[in-house]
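Trainee: Got a structure here, written out as structure tokens. Questions coming.
Readers should treat all values here as calculations from the given coordinates under stated rules, not as data from a laboratory. What you see is a predicted model, and the numbers here were worked out from it, not measured in a lab. Glycine also receives a Cβ, built like all others from the backbone with ideal geometry; neighbour counts cover every protein chain displayed.
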Amino acid sequence: MDISIFGLGYVGCVGAACFAHMGHNVIGCDVSVDKVALINAGRPTIIERDIEELCREGHEAGRLRATTDAAEAVAHTDISFIAVGTPSTPHGHLNLDYIHDVARQIGTALRDKDTFHIIAIRSTVFPGTNEHVGEIIEEVSGKKRNVDFALVSNPEFLREGTSVHDFLNPPLTLIGTDSPRAAEVFAELYKPLPGEFISTEVRVAEVMKYVNNTFHALKIVFGNEVGVICKALGIDSHKVMDIFCRDRQLNISPYYFKPGFAYGGSCLPKDSKAFRTLARDNYVDTPVINHIAESNELQKQRATQLIMSIGKRKVAILGLSFKAGTDDLRCSPIVEVVEALLGKGYEISIYDKNVKVSQLTGTNRQFILDKIPHLHHLVSDNLDAVASAADVLVVTNKEPEFADIPSRYPGKVIVDLVRAWDTIDYDGHYEGLSWAAVNVNPAQQSPIASDFAHTDF
């Protein structure tokens, strides 16, 4: 394929060299005459392992060159990658000036081009950037999106020092686009590379780099905080984390990585609190670990606020235990939500087939009688009676019997705290706690209201 790459810095240079290595014809485009000269001499613009060899290989094979002329780069290629910088402002917001400048250059070049062109945003950008870039190109070129050109968001996941290896050996390749035609082209473009090819919604692709890097930062900080606690206790932290990483069922796995309600139960609250106390007793400051519980409390508050925002006061809570398939009420997060709503004068009814006060024994019975005696009379094992009398149904766990709630009780407001349905076709009011755009019913489709006031789109 014939590819142009705008921006010959770290991301652009690696992409240009690797695409040429894969057999494609690549034209790099940059305002810097020095960078252009380096590429045209078969030399990289950055210091990176293996990049020298790939640039020399591409140059000698006639597959890699560069220019300062955007019109030339667009005219001789079918795909243009935008790989320019998106520097942060002093307050952490994005400066998209370089992105916009390139979009205008590409739009101007497209005026005189009759063939279909694909523009891929490789730079790290906020959700909404792809849409705005498309508007700029349409305005400048006079062309129509998904008719004359298409836009793709194709974030990079490269580590400095191993970027060439990462490009050619990705765990997955991600694009976001609203163009089936562009998706097919990119599936073919990346076909030689290992790892899964994923085509998804544009905004999903745009946010992924931020999610990835923030989690990587969290992992580093978490490992360091475990390390300082272990050192204070005379323990080899590397042995601890080595064993930690060997658990691929829970620790290093998709488990727990699903946005939803707060954690509860007998273990996580107790043990994380004990670990914080252990650190404090050894005079070790661990701000990330210390704030885990605070973040969990905020999720309970978000759930309460979401229910209150509906504007209806008859609320049915479907599930009182801390998760499905158990009668364990200890530290159940929904208990605090219920108590907050009762304090605001809401009419609350609760259904949980597993929580029958008359049949509870031991710790659970003691907990409900000692800690929440004011709630036990609200609990019923009759789902129909509870749901029918309420205006709002709050689903708190994934009990199988809740699967048909939308069809069983049409017209109710459903507040889903646990992503009970991957997708839902519901013509009533559906609200997910930590997700959007899952209700496929046209009556419920509305644009996501996002505040980009501090980012210059």
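Trainee: Under a Cβ-Cβ cut-off of 13 Å, what is the net charge of the residues other than GLU297 that fall near it, where Lys and Arg count +1 and Asp and Glu count -1?
Mentor: Every neighbour counted, the sum reads +1.
Trainee: Calculate, axis by axis, the spread of Cα positions in the range 212-295 along the three principal axes, and write the results as whole Å, longest axis first.
Mentor: Largest to smallest, the principal-axis extents are 35, 25, 25 Å.
Trainee: First check a/c for the range 1-138, with a ≥ b ≥ c the square roots of the eigenvalues of its C-alpha gyration tensor; if it is under 1.5, answer rounded, and if not, answer prolate when a/b is larger than b/c or oblate otherwise.
Mentor: Note, shape of the range 1-138 comes out oblate.
Trainee: What is the angle, in °, between the Cα long axis of helix 333-343 and the longest principal axis of the Cα atoms in the chain? Nearest 10 is fine, range 0 to 90.
Mentor: It works out to around 70 degrees.
Trainee: Mind putting a number on the dipole of the chain about its Cα centre? Charges go on the C-beta only, +1 for Lys and Arg and -1 for Asp and Glu, and I need it in Debye to the nearest 20.
Mentor: 1320 debye
Trainee: In degrees from 0 to 90, rounded to the nearest 10, what is the angle of the helix 51-60 Cα long axis to the longest principal axis of the chain?
Mentor: Rounded to the nearest ten degrees, it is 40.
Trainee: Hey, another quick one. For the range 60-117, rounded, prolate or oblate, judged on the Cα gyration tensor with a ≥ b ≥ c (square roots of eigenvalues), a/c < 1.5 rounded, else prolate if a/b > b/c?
Mentor: Cα axes put the range 60-117 in the oblate bin.
Trainee: Still on this structure: Where does helix 10-21 land angle-wise versus the long Cα axis of the chain, in degrees 0 to 90, nearest 10?
Mentor: That helix lies at roughly 70 degrees to the long axis.
Trainee: With the cut-off at 44 Å, report for the chain the share of all Cα pairs above it, as a whole percent.
Mentor: Values: 31654 of 104196 pairs.
For the chain, the fraction of Cα-Cα distances above 44 Å is 30 percent.
Trainee: To continue, here is another question. What's the Cα-based Rg to Rh of the range 299-444, Rh via Kirkwood? Don't skip to the end; give the middle numbers.
Mentor: Numbers: Rg = 14.6 Å, Rh = 15.4 Å.
Over the Cα atoms of the range 299-444, Rg/Rh equals 0.95.
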